[in-house]
Amino acid sequence: MNHKTIQILNSRKRLVHFLSLIAMAFILIMPYVFLGSGVYLPVSDNMDSNLAWWKMLKESGSIWKDWNHEVPGMIIQSPRFTYPSGLNLEALLYYFFPILPAYMINKLLIFGIGFGSFYFWLRLQSHERIPFLVQIGFSLLWASLAFYIHRGISIAALPALVGIFQLFLSSSGNWKYLIGLIAYAFYSKLVLAGFYFWIGLLLWVTWKCIVTRKIFGLAIFGLFILMGTWLVLEYQLIRGLFLNPNFESHRIDFSYDFGIWVNQWPWEFFLSGDQNGVYYSPLYLFIIVCLLIWAKISNPFYQKGLRFFLMFLSLSILLAILSSSGLLAVLGKWIPVLASFNLLRFEYWIPFLLFASLFFLWRSKAFAGFRVLLPLLLLMNIFVYQYEWRYWINDYFPLLSQKVLSYQEYYSEKEFGELKEFIGEDVSSKRFLHFNIPPAVSAYNGLISLDGYLQVYDRKHKMEVFEVIQDELAKDNSLRRHFYNWGNKCYFQNAQFPDDYFMYKWREEDVLIEPDYDYVYLKEVLKADYILSALPVSSSNFKLLKVFEGTHSAWRIHLYELDR
């Protein structure tokens, strides 16, 4: 085969590579293109928080304000450092584009970078040639997983991060790869995932130095560059949280010895992932187990696959032990400001380790059946595990009983516009609290909320809300712990419908009995004006003014005014 023929074939492969990526990207965003604001989006840790945060930051002109600039909206107002960093690609997207298009573009970028990341890692795994279909197929499989969008590329680009340090530790890397580390830091999230990846890389580099008795200077320097870039990008959080004597974080009360963080089994970490990390099918694990049984243990690729399998299995067992032993809160006992350090987030390594195991084990069998299984796995990733597609399909083929909300239904902009018009011109100075309606909905629509969902905020406000609701929390100890020992949701909870902020208008529920609050403190100290309730409330402390609802709203919004 002459040189010209090889060039033509390579050009065709690159074209196939490009067209495959474009086709999959278009399929991924089709729900946004055809449904617009009617697209279905996850609520938890998404519409109930992050999207509202970016809307508040954008509309108040606060995306790039200084660390102590007060951002109005949730919990009345909170300093800029309590929100996601503005020195991040995600922030640029929300600055330049409307909220929903920015969200869609963010999803596209994660898909594209995830593809390139796994493709880069695959190319480093052997001197032997990997079939082109396999390179493209595995990269598409990884990129099409349901990544939690607000961690940016933290998990999607982990294969590239591992690949760069693999080069550093094999003495094949050079200084240009440091630019890749800086780019990774600029789009990923230190607190949400990056720190846990950095610790893993640190352990890997340290182990390699000890075993080989060599100092891998570029790898060590790369660790410093990566963490240094993150620290610069998160300077506002560091300044406000650690170097600010006037701020006491609500997180000093954190404890991971209750609720969803305790008594987890190992398989809960690897069976199907996590919607706040990566969500995937148990079928991948089933394929791995079949390959472990089927393939020959003497095959070197089998041994590599087995090694990765044992790594994610061991990590899962370790995390399960931590979950059941009460050790998760140990850092908080030593250093109160680190009380919320969640060791369980090391689970975000597991999807990559699982897919690395799948790749090597499958390679040990020369990728038998890959042409048949690849399309099926891709279809499953997109149409079953991507939230937007799953519930769009369910509109036409109702196999799932759960009714979920669209972006339009959740934020109900039309109904909130009517509500603001009803209250009048001084609505911007009024303070609202919520019964079983997420405060994010009000904050998104420009109202000042006494409650809110934030990762960091002033403990003083938390304790003021606690003063109001403590008698109601006393009726349900788990609800009290949820508020006091976690407290990211600084909500006006009630024991009748505890932590139920999915009280949509199609649900048939009883009238809410007036919560046992300190209404005098609520009015005189917190200066509350109105209550927005998803349900009618039987009360002697406030009166109903009007109910707002519409065809494209998920809520029946009862507007109550507190008696003065």
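The values are calculated or read from the model by the stated rules, or taken from the named source; none is laboratory data. This structure is a prediction, so every number in the text was calculated from the model and none was measured. Every residue, glycine as well, gets a Cβ built from its backbone with ideal geometry; the counts of neighbours run over all protein chains shown. Protein only, heavy atoms only, side chains kept; ligands, DNA and RNA dropped before computing areas. Shrake-Rupley method; radii C 1.70, N 1.55, O 1.52, S 1.80 Å.
Worth a mention:
- Residue that is most open to solvent (accessible area, probe 1.4 Å) [pool: residues in segment 474-507 that are among the charged types (D, E, K, R) and within 18 Å of residue 258 (Cβ to Cβ)]: 475
- For residue 177, the test of being more than 13 Å from residue 352 (Cβ to Cβ), open to solvent by 20 Å² or more (accessible area, probe 1.4 Å) and within 20 Å of the chain's Cα centre (by Cα) is failed.
- Checking residue 466 against (1) open to solvent by 50 Å² or more (accessible area, probe 1.4 Å); (2) without any contact (Cβ under 8 Å) to a residue 40 or more places away in the chain, the condition it does not meet: (1)
- Subset of segment 529-551 that is part of a loop (DSSP other than H, G, I, E, B) and under 21 Å from residue 420 (Cβ atoms) - its residue that is farthest from the chain's Cα centre (by Cα): 529
- Test result for residue 498, over 17 Å from residue 443 (Cα atoms), without any contact (Cβ under 8 Å) to a residue 60 or more places away in the chain and in a loop (DSSP other than H, G, I, E, B): yes
- Checking every residue in segment 65-72 against the condition of being closer than 20 Å to residue 440 by Cα and among the polar types (S, T, N, Q) gives zero matches.
- Among the residues of this structure, residue 456 counts as one that is assigned to a loop (DSSP other than H, G, I, E, B) and of a type in the set (A, V, I, L, M, F, W, C).
- Count of residues meeting criterion [in a loop (DSSP other than H, G, I, E, B) and buried (at least 18 other Cβ atoms within 10 Å of the Cβ)] in segment 408-431: 1
So that you can scan it fast, the table gives a plain yes or no per residue for (1) within 30 Å of residue 159 (Cβ to Cβ); (2) without any contact (Cβ under 8 Å) to a residue 60 or more places away in the chain; (3) in contact with a strand residue (DSSP E or B) (Cβ under 7 Å, 6 or more places away or on another chain):
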site	(1), (2), (3)
357	yes, no, no
366	yes, yes, no
389	yes, no, no
394	no, yes, no
398	no, yes, no
408	no, no, no
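- Segment 534-549, subset in contact (Cβ under 8 Å) with a residue 40 or more places away in the chain and closer than 16 Å to residue 436 by Cα, residue most open to solvent (accessible area, probe 1.4 Å): 549
- Subset of segment 151-167 that is open to solvent by less than 10 Å² (accessible area, probe 1.4 Å) and part of a helix (DSSP H, G or I) - its residue that is nearest to residue 83 (Cα to Cα): 158
- Of all residues in segment 444-460, none are farther than 25 Å from residue 490 by Cβ, at pLDDT below 95 and not aliphatic (A, V, I, L, M).
- Among the residues here, residue 441 qualifies as under 26 Å from the mean Cα position of the chain (by Cα), open to solvent by less than 30 Å² (accessible area, probe 1.4 Å) and within 26 Å of residue 527 (Cα to Cα).
- Matching entry among 471, 510 (being acidic (Asp, Glu), open to solvent by 10 Å² or more (accessible area, probe 1.4 Å), in the same structural domain as residue 418 (by the TED database) and not in a helix (DSSP H, G or I)): 510
- All helices (runs of 4 or more DSSP H) inside segment 331-405 with 1 or more residues being open to solvent by less than 20 Å² (accessible area, probe 1.4 Å), at pLDDT 90 or above and of a type in the set (Val, Ile, Thr): 350-364
- Matching entry among 211, 205, 191 (being of a type in the set (Val, Ile, Thr) and under 23 Å from the mean Cα position of the chain (by Cα)): 191
- Of all residues in segment 95-124, those that are more than 21 Å from residue 38 (Cβ to Cβ) and assigned to a helix (DSSP H, G or I) total 17.
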